[in-house]
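Below: one structure, written as structure tokens.
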Amino acid sequence: MRKNEKPLIKLENVSVSFPVKNDFPFQKKRYVRAVTDVSMEIYPGETFGLVGESGCGKSTLANTTLGIQKVDSGKIFFEDQELTAMDKKQLKAARRSMQMIFQDPFSSLNPRFSVYEIISEPLRIVGGYTREQMRELVGNMLQEVGLSAGDMDRFPSDFSGGQKQRIGIARALILKPKYLVCDEPVSALDVSVHAQILNLLMDLQDKYHITYLFISHNLAVVKRICSRVLVMYFGKVMEYGDVDKIFANPVHPYTQALMSAIFDTDIDHKHERVRLKGEVPSPINPPIGCRFCGRCPQELDRCKEGDPPLLEIEEDHYVACFRHGIVEAETDG
Amino acid sequence: MKTIQGQDQEFATKILSVLKKIGITCLRILEGIWSFIKKLWKHKQGRVGLIIVALLVFCAVFAPIIAPYNPYDVTQRAEKGLSPSWDHLLGTSITTGQDIFSMLIYGARSSLSIGLITGLVIAVLGSLLGIAAGYIGGWVDTIIMRIVDILLVIPTLPLVIVMTNVLGTSYAVIVLVFAAFGWTGLARVIRSQVMLIKNANYVKAAELIGASKWYIMWRHILPAVSNLLIMSTALTSAGIMVAEAGLSFLGLGNPEAVSWGKMLADAQSSGAMLFGHWWSILAPGIGIFLAVFSFMRIGLAMEEILNPRMRKGSSMVKVFKHLNNKYLEEVFASMDDGSKLKGEYATCSINETPEGREMLACGEYAPSEEVAVTANGEESKRKEDDESA
């Protein structure tokens with residue numbers, strides 16, 4: 001059903017790498033491959049989940065969609081415009097409709113600014129608003145995120161973590177963006193305010209028709225609020241597609257391991273915990289073949305030889321694993 | 001005609017808006033200074049420093065009104081080497097016969113102005129280069145930091161002596177030379193601070209919207225380092241005042257100006273001590289002391305306000321209060337009673353407070369004496385027991 005719609009953001013074979021400082025002079029220049037050959041589509045109005053463990057390139061990928069991170073190869077489209085082909089001025093204009101919410105609400109607000117100054121900063125940078133207009137907009141936005149307009153002249157230190165995150169959301173939404181990157185927006189908050197912030201985000205999405213890129217390592221949250229999800233491991237796409245399909249039928253062993261780590265409140269329900277062995281390999285010398293090699297509980301000989309391609313196994317459900325065909329063959333036979 | 005008028009109007013509104021912006025920034029700076037003074041006033045040491053600085057500034061600004069004579073005026077010179085009297089409160093100098101009290105007041109002008117101007121130049125240079133190095137990074141950072149490394153290992157005062165010999169001894173040269181070698185430490189401190197702020201998410205948020213580098217430096221980074229700047233300006237100004245006095249004393253100051261260092265040099269060279277004219281040495285000495293002392297007070301008070309770890313009443317005061325209130329009373333009481341006193345109590349009570357633990361770790365407080373007392377007490381008790389047995 002999504003196929004007929006035009007994607008808001010489209011990534012085509014995007015790769016990003018960072019140079020590593022040399023240990024010795026005259027050494028061959030080495031690179032950390034943060035994102036390798038990622039293609040994805042984010043449709044307008046949806047919440048797109050980005051899941052993976054720390055350091056797997058989630059934030060780098062999010063930065064590339066915002067056009068802050070330069071890519072080595074590949075193309076990024078935002079509403080049919082190619083971000084990767086834009087000059088600085090065009091990028092600046094395109095970024096007006098993109099915003100970001102940060103993980104840590106404590107470092108994302110300047111402690112020297114009042115709430116009014118923080119939220120009106122985007123307006124001031126863009127320019128063309130009078131002080132009265134800005135005060136009115138900021139006041140409305142504060143009410144929108146569940147604070148009162150009277151909080152305008154207070155400082156961030158007067159607020160709790162959840163309230164600070166609300167201020168961060170207000171700053172992100174003041175320019176009415178179409179696309180919002182939420183970089184683990186609740187993981188730094190108390191568990192008791194998780195639901196409040198998530199509900200606020202969902203309400204705002206309904207109201208303003210914003211598209212979210214939701215980065216998280218909490219699968220329970222992803223299952224609740226996302227419509228599509230991309231599971232990343234070590235800079236590569238492992239599994240990608242509709243949330244319900246992936247959660248109902250996780251095919252990739254890495255996704256299965258992540259699923260089994262979801263904390264279950266149902267004590268009687270005992271599920272098998274898939275435990276991964278080993279460590280994340282060095283990003284400078286990734287293993288040959290599938291990136292998950294060496295940690296995969298269902299490894300095959302083939303996995304060490306080549307990269308598994310990303311295949312569509314059902315509508316809007318893509319998997320990059322050699323095992324998939326074999327599993328099907330086994331069940332058939 | 002109309003179009004020209006329109007252009008003129010546009011131009012006028014543009015100029016007006018620029019003027020408005022400048023006015024707003026000036027107001028903001030004044031506001032910052034005022035809030036800074038208020039903070040200092042609450043701090044005991046800062047208040048002392050502020051009062052003395054205010055006094056000195058008053059003397060410097062209104063010197064012609066306060067001073068009974070004008071030391072620059074040759075006709076107002078009296079007999080050489082007079083002792084203190086009602087006409088000449090601190091006597092007159094041995095070499096020229098200028099009134100020492102007037103020279104003292106006029107001397108505040110040169111000392112304060114050199115200290116403050118050099119301090120300001122250093123603050124501007126250090127903050128600009130520090131922010132550039134920290135925020136822009138890359139080869140800019142490398143070049144600036146290598147220059148800092150080179151300048152830091154050059155001993156300043158001998159070099160300043162050589163430079164004043166070559167370039168002459170005007171105020172401009174002294175200010176420039178001190179500033180050229182004084183900005184390095186400040187630039188380093190500011191660079192490290194900037195590198196912290198640069199990675200904060202609020203800077204990233206502003207960059208995302210398309211804020212320019214200038215905007216981020218001006219609105220986010222400069223305010224964050226402003227307190228640090230004020231503090232270091234006060235401290236470097238004090239240092240420069242001493243250095244300037246030293247230069248003048250060596251005969252390398254501005255020969256035309258009246259300054260405290262030059263007064264000292266004249267007194268020394270004319271043998272004031274030999275004639276017993278101690279006032280002609282003490283007066284400029286007190287002047288230098290007051291100026292440096294007050295600036296140091298302000299700088300140190302600022303450091304304490306900024307650095308919560310150094311806030312007053314942290315370690316020493318609290319531990320002593322604790323000891324006074326609980327521990328010592330019990331010690332004395334138990335000693336009077338002659339009853340037992342647990343040896344552990346000393347270490348126990350001091351270990352309970354984090355400050356106490358810090359002190360124990362630093363070795364500032366050694367409970368050995370108390371323990372010895374208790375050990376003796378227990379020993380004597382035991383002896384008594386033995387005797388009774």
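The values are calculated or read from the model by the stated rules, or taken from the named source; none is laboratory data. Every value quoted in this text rests on a predicted model; they were computed, and no experiment measured them. Here the Cβ positions follow ideal geometry from the backbone for every residue, glycine too, while neighbour counts run over all protein chains shown. These accessible areas exclude ligands, DNA and RNA; they are computed on the full protein's heavy atoms, side chains included. Shrake-Rupley method; radii C 1.70, N 1.55, O 1.52, S 1.80 Å.
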With respect to the cross-link table entries B:Lys20/B:Lys44; A:Lys75/B:Lys204; A:Lys88/B:Lys198, which display a Cα-Cα separation exceeding 28 Å?
B:Lys20/B:Lys44
From the Cα centre of segment B:264-288 to that of segment B:191-261, the distance in Å is 35 Å
At a Förster radius of 35 Å, what calculated FRET efficiency corresponds to the Cβ-Cβ distance of A:Ser282 and A:Asn218, to the nearest 0.05?
0.85
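Could you work out the relative contact order of segment B:44-308? I mean the mean sequence separation of Cα pairs under 8 Å and 6+ apart, divided by the number of residues, in percent. Could you put the intermediate results ahead of the total?
Working: 369 pairs, mean separation 72.6, N = 265.
About 27 percent, as a whole number.
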Rounded FRET efficiency, nearest 0.05, which uses the C-beta distance separating A:Leu300 from A:Phe155 and R0 of 56 Å:
0.45
Please find the FRET efficiency linking B:Lys213 to A:Arg30, where r is the Cβ-Cβ separation and R0 is fixed at 45 Å, and quote it to the nearest 0.05.
0.90
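Kirkwood hydrodynamic radius for segment B:44-308: how many Å is it when counted over pairs of different Cα atoms? Show your work: numbers first, answer last.
On the way: mean 1/r = 0.0493 Å⁻¹.
For segment B:44-308, the Kirkwood estimate is 20.3 Å.
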Sort A:Ser114, B:Ser113 from largest to smallest accessible area, using a 1.4 Å probe on the heavy atoms of the protein chains.
B:Ser113, A:Ser114
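Please tell me which of these pairs span more than 28 angstrom C-alpha to C-alpha: B:Lys14/B:Lys38; A:Lys70/A:Lys304; A:Lys70/A:Lys236?
On the way: B:Lys14/B:Lys38 36 Å; A:Lys70/A:Lys304 30 Å; A:Lys70/A:Lys236 17 Å.
Violating the 28 Å Cα-Cα cut-off are B:Lys14/B:Lys38; A:Lys70/A:Lys304.
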Arranged from highest to lowest average of other beta-carbon atoms within 10 Å per residue, in what order do the peptides B:275-288, B:132-145, A:148-161 appear?
B:275-288, B:132-145, A:148-161
Using label points projected 7 Å from each Cα along Cα→Cβ, tell me how many nm separate B:Ile154 and B:Asn199, to one decimal.
3.3 nm
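Calculate how many DSSP beta bridges within chain A are antiparallel, expressed in % of all such bridges and rounded to the nearest 5. Numbers along the way, then the final one.
Values: 28 of 46 bridges.
Taking every DSSP beta bridge with both residues in chain A, the antiparallel ones total about 60 percent.
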Over the alpha carbons of chain A, what is the largest minus smallest coordinate on each principal axis, giving the biggest first in Å?
71, 60, 45
Once the whole set of protein chains is in place, how much accessible area is left on B:Thr25, using a 1.4 Å probe, in Å² to the nearest 10?
40 Å²
Kirkwood hydrodynamic radius (C-alpha pairs) into Stokes-Einstein, segment B:1-42, 20 °C and 1.002 mPa s, D in µm²/s:
170 µm²/s
Sticking with the crude label model, points 7 Å out along Cα→Cβ, report the distance from B:Thr75 to B:Gln7 in nm, one decimal please.
5.9 nm
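May I ask you to list, by number, the DSSP H helices of chain A whose Cα span along the axis is at least 15 Å and whose average Kyte-Doolittle hydropathy reaches -1.0 or more? Provide the component values of the computation, followed by the final result.
Working: long enough: A:115-126 (18 Å, 0.88); A:131-144 (19 Å, -1.06); A:161-173 (18 Å, -0.36); A:191-208 (26 Å, 0.28).
Correct list, ordered by number: A:115-126, A:161-173, A:191-208.
Let me confirm one metric for peptide A:99-110, namely the mean number of other chain beta-carbon atoms within 10 Å of its residues' beta-carbons. Each step should come with its number before you reach the end.
Working: counts 3, 5, 2, 5, 1, 2, 1, 2, 7, 6, 4, 11.
Partner Cβ neighbours, averaged per residue: 4.
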Can you compute the modelled spin-label distance between B:Met273 and A:Ser148, with each label point 7 Å from Cα toward Cβ, in nm?
7.3 nm
I'd like the mean, over residues of A:124-133, of how many other protein chain beta carbons sit within 10 Å of each residue's own Cβ.
2
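Restricting to Cα pairs below 8 Å that are 6+ residues apart, what does the relative contact order work out to for chain A? Please round to a whole percent.
On the way: 568 pairs, mean separation 61.0, N = 333.
Worked out over chain A, it gives 18 percent.
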For segment A:156-202 and segment B:132-164, what is the separation of their C-alpha centers, rounded to whole Å?
44 Å
Segments B:41-49, B:120-128, A:229-237 sorted - mean Cβ within 10 Å per residue, highest first:
A:229-237, B:120-128, B:41-49
Could you work out, residue by residue across B:195-208, how many beta carbons of other chains sit within 10 Å of that residue's beta carbon, and then give the average as an integer?
6
